[in-house]
Amino acid sequence: MKVLVVGSGGREHALVWKIARSSRVEKIYCAPGNAGIAGLAECIDIRPDDIEKLTDFAFANRIDLTVIGPEVSLAKGIVDLFESKGLKIFGPVQKAALLEASKVFSKEMMIKYNIPTAKSEIFTNSNDARNFVRIADIPIVIKADGLAAGKGVMVAATIEEAEKAIGIIMEDKHFGESGNRIIIEECLKGEEVSFMVFTDGENIVPMVGSQDHKRAYDDDKGDNTGGMGAYSPTPVINKNLSERIIDEVIRPIISGMAAEGIRYKGVLYAGLMITDQGPKVLEFNVRYGDPETQVILPRLKEDLVDIMEDVVNGRLAVRELNWDDRACICVTCASGGYPGKYEKGKLISGLEKIRDLKDVIVFHAGTIQQGARIMTNGGRVLGITALGKNIAQAAKRAYQAVKEVCFEEMHYRKDIGLRAIEKSIIKE
Ligand code: AMP
Ligand code: GLY
């Protein structure tokens, strides 16, 4: 069969890498892909938001299954468009994608269906928002309603910071229309985890848990990024908690969507804070997480294409998936300045030294091939991923590989997985 993957990041490289392992797949296309993906798939120069062109391409090339990486294609309604042409596509329809594309919609759904989440207020006017934060408890969290590439959320430690965030989002319109409405919510305390499931709108099959590192620098300092690294499993999620998350969060939102007349199909991602009172939802994403996917798919011991087809066909069998017991960790190598301004076009050296290392996989994100050379082409450049007996071993292996790679002003966090390693040491 022929598969098309949409996107160009580390998540899409991991998807292509896993799909390439399916014995049923003869040909993979990726739109637009990157230099790493080009080794496994034919890269097509179509942007993820050009959903008409993607549909035409899939139709003309008789693609059997299309898999969507980024939220932007889903929010634009790519699934509805593909389905209207009889094409098979993995991901939720536009109305379901609102769970990620509108934080206000998502919050309203959580309240309506009793899903635990932070207490919040919605504002459409910056003066009202400013008046509210002046008398609110701090820290407090300010969120733009719409999509903002993971950067529309600010955790304010002071009233001044909160007012600044309101100004940036609502008055300066830093995220455009996404800032027409904001949510101001209580700051939750606890440990943050990512929990993803496959669902066909009725049946739910969970993936293993993972944790990502959103802040730019060690010790969770600096601005939020698209993700500086991740690991799986996480010591925070045991079987009990996993069941609780499904019962209190995942099933109610999927059946809530169904009650609203929306069948949710694809991957549902819950970003959760595990508080003293249990799991509370920070956000829903309507797609595979990035970089969570890079640490989860290498552990999956089943054919991903089979699972995704079952989802698309609405016949996902409820079962426990088979997972590699080993731990997996991914360290993001980013361009200097990221998540702020950064330069592209830096030569990446050392990749050949780690290409054949055992249990190390280099997922490319912002990379581009120029002749024989691979250059940087984005903020997050590489996700150096390793498997190991436990997180400590996986981390050791990943960091050994990171040391071999270099480009001008490359930066990466040195503490990916450290919290999990410390926890396991305390347990031992
Ligand atoms: P979101 O895009 O809503 O997941 O927010 C991005 C990041 O901001 C999350 O991963 C958390 O680290 C943080 N965050 C969001 N909401 C809250 C909250 N209510 N309390 C504490 N931290 C939060
Ligand atoms: N890792 C966070 C996300 O995929 O949104």
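None of the figures in this text is laboratory data; all of them are computed from the coordinates on show. Here the structure is a predicted model, which is why all the values come from computation and not from measurement. Backbone-built Cβ (ideal geometry, glycine too); neighbour counts: all protein chains shown.
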>> Compute, for the chain, the length of the dipole vector about the Cα centre, with Cβ point charges of +1 (Lys, Arg) and -1 (Asp, Glu) only. Units Debye, rounded to 20.
In response: 800 debye
> Between SER120, SER23, SER335, which gets the highest mean-square fluctuation from a Gaussian network model of the chain, Cα cutoff 10 Å?
Replying inline: SER23
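May I ask you to work out the translational diffusion coefficient for segment 110-164 at 10 °C, viscosity 1.306 mPa s, via Stokes-Einstein with Rh from the Kirkwood sum over Cα pairs, reported in whole µm²/s?
Numbers: Rh = 12.4 Å.
Estimated via Stokes-Einstein, D reaches 128 µm²/s.
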> Which distance in Å, rounded to a whole number, links the C-alpha centroids of segment 113-173 and segment 1-47?
Replying inline: 38 Å
> Which net charge results for the neighbourhood of VAL318, defined as the other residues with beta-carbon distances under 12 angstrom from its beta-carbon, given Lys and Arg at +1 and Asp and Glu at -1?
Replying inline: -1
>> Here is the link list: LYS53/LYS265; LYS95/LYS239; LYS341/LYS389; LYS18/LYS353; LYS396/LYS423; LYS27/LYS346. Which ones come out longer than 27 Å on Cα distance?
In response: LYS95/LYS239; LYS341/LYS389; LYS27/LYS346
> Around THR367, what is the net charge, scoring Lys/Arg as +1 and Asp/Glu as -1 over all other residues with Cβ under 11 Å from its Cβ?
Replying inline: +4
> Once you treat every alpha carbon in the chain as an equal point and sum by Debye, what is log10 I(q)/I(0) at q = 0.06, 0.09, 0.14 Å⁻¹?
Replying inline: -0.23, -0.53, -1.41
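With a cut-off of at most 11 other beta carbons within 10 Å, and DSSP calling the residue loop, which trypsin sites (Lys or Arg not before Pro) in segment 22-85 qualify? Please list them.
The qualifying sites are ARG62, LYS85.
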>> What is the sum of charges, Lys and Arg at +1 and Asp and Glu at -1, for the other residues whose Cβ falls under 11 Å from the Cβ of LYS107?
In response: 0
